[in-house]
Amino acid sequence: MIEETRKKTFLGFDFSTQRLKAVVIDEEYAVQQEADVEFDVDLPEFRTAGGVVRGERGEVTAPTLLWVKALDMVMDRLVVAGVDFSTIEALSGAAQQHGSVWWLKGSGAKLASLSGDQFLHTQLATCFVADSPVWMDSSTTADCQALEEAVGGPEELAKITGSRAYERFTGAQIRKMFRTRPRVYQNSERISLVSSFACSLFVGKIAPIDLSDGSGMNLLNIHTKKWHEQALQACGDETLLSKLGDPVPSATVVGTISPYYVQRYGFRSDCKVVAFTGDNCSALAGLRLRSGWVGLSLGTSDTLLLGLESAAAPPAGHILVGPTSAPYMALLCFSNGSLTRQNHRDRLVGPSWEAFNDLLQATVRGNMGYMGIYYDTAEIVPRAAAGRWLEDARGRPVDKPAPQFEARALLEGQAVARRAHAEDMGFVLDRSSRVVATGGASVNTALLQIFADVFNTPVYVQDQHANAALLGAAIRAAEVWSAETGTKLTGSEPTVSPVASPYPDAERIYKPMLERYRKMIENIP
């Protein structure tokens, strides 16, 4: 009798700032079921606003137990959605980057002896020594300066760890805890990132930090893939190494699922748990970027993701160890994205993208030489104060140009900035290059056409799920399982559709604008 081939599915989680999301995909990477929990709405007892608690002097934390209770709820919602957990071969996850979790001594033993009859949050209620500082926290400026000084300055730190010291990065957060709350530091068995903490809940032990998310801490040497000794000494004491544990590649199977889930939900006991990683790293996997492709997330802020073969010290932005086949990934976050586009649309034509796109059509590509830089809020790449700078073809400042020139100057200026900084990180355009766009503004074809022209490469959008980080978590689980078992999965070819192609003269028009942009930002305070 021939045994019926069993359906194979893969589970992904995304522990983001405001909600916990879960998705189940099949062998063709098609979404089967989804569930989510919104922290402020579904867990009001934790009194979060936007998923976080704001303290004094720039402190922003999240109650760690909130995430555990949200997992109990999302698992129950997956049951209601009809998920058959016995079909899940592997799971993985993504989480907001730069948050830290402080486990009380003895927590590892608790994780290893969970009872399937009780909720996770009741069994782990006493496992955390402090609330979790998260990526929005900006209270560690002094610690950043001390860390940079300890390793020989900001450029040296960037060369070693892939980034200058940033307030939200975990190294500075650990240093502040060590300095201001020594009892929390001393009583911690381990310090996890949000991603490795979330992974620990599934694998029944404190899971290792993966190299990709770990390289967003200012503590990891991205070349040797080991913790950097001077950085550790600057941020803690001789116990810090054992509190962090050894980092592992992102494609590591860290174990099989905890017996808790086998008893409570009917998972297979051999279901593999793949290391969890940061949300941006997971988005790179979710966008299925190949060498020479650029991921462009057009949200409140714009994020550029690209795989790199080698790691140069970034003048701006971040270099992380790659979560996929590329050895490294570059991450450039521009704080002036969709919100800035929307503000100027409203100012020029009111709340209509159609009317704004009509303005774009009223002038030519290259905008008769008008170029603009618009920062409604302080910019991260490059680091600059808010302001507005507009020039005509001769490089003279312009106060009040016609609305159509301003509309095009805004969008062309943003696209030119994205390409210029990508090139500064070592990105090289060639014939196989593509831009894969995602995020809310990726529905605006006029905007995508400008990106196609400026990058001189076709722009594509994904046919699948809008949440690249969540989908990336399930895809990583599937791909690591596929490699481990030698099983080819039908969904492993990415599905993207072309939405914009560059005009033949695009490079001739926009290449000179890259140099003009670089000169303009030299004079910005």
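Here the stretch 291-350 and the stretch 106-131 have alpha carbon centers that stand 38 Å from each other.
Look at the alpha carbon pairs under 8 Å that are at least 6 residues apart: their mean separation over the length of the chain gives a relative contact order of 15 percent. Taken one residue at a time, the phi angles of the stretch 167-175 give Karplus couplings (6.51, -1.76, 1.60, θ = phi - 60°) of 3, 7, 5, 5, x, 5, 5, 5, 4 Hz. Gly and Pro are set to x. Taking every Cα-Cα distance in the stretch 224-369 and sorting them into 5 Å bins from zero, the calculated P(r) comes out as 2, 7, 11, 11, 13, 13, 12, 11, 6, 4, 5, 3, 1, 0 percent.
In percent, rounded to a whole number, the relative contact order of the stretch 107-216 is 29, using alpha-carbon pairs under 8 Å and six or more apart. A 1.4 Å probe run over the chain, with the rest of the protein chains in place, finds 40 Å² accessible per residue.
The value obtained for the stretch 344-403, namely the Cα convex hull volume divided by the number of residues, is 109 Å³ per residue.
Descending by average beta-carbon neighbour count within 10 Å, the peptides 286-299, 510-523 line up as 286-299, 510-523, the highest first.
With the highest mean first, a sort of the peptides 203-215, 395-407, 149-161 on other beta-carbon atoms found within 10 angstrom per residue produces 203-215, 149-161, 395-407.
Apply the Kirkwood formula to the chain: the hydrodynamic radius equals the inverse of the mean of 1/r over all pairs of different alpha-carbon atoms; give it in Å with one decimal. Averaging 1/r across every pair of different Cα atoms and inverting gives 24.0 Å.
Inter-label distance, TYR503 to THR224: 5.3 nm, where each label sits 7 Å from its Cα along the C-beta direction. As a rough guide to protection, the peptides 380-392, 55-67 ranked by mean Cβ packing within 10 Å, highest first, stand as 55-67, 380-392.
How large a share of the accessible area of the chain, in percent, is made up of carbon and sulfur atoms when the probe is 1.4 Å and the other protein chains stay in place?
51 percent
Put the Cα centre of the stretch 432-497 next to the Cα centre of the stretch 1-42 and the gap is 18 Å.
The values are calculated or read from the model by the stated rules, or taken from the named source; none is laboratory data. Predicted model only: the values in this text are computed from it and were never measured. As a convention, Cβ positions derive from the backbone with ideal geometry for all residues, glycine included, and neighbour counts pool all protein chains shown. Note: areas computed on protein heavy atoms with side chains; ligands, DNA, RNA excluded. Shrake-Rupley method; radii C 1.70, N 1.55, O 1.52, S 1.80 Å.
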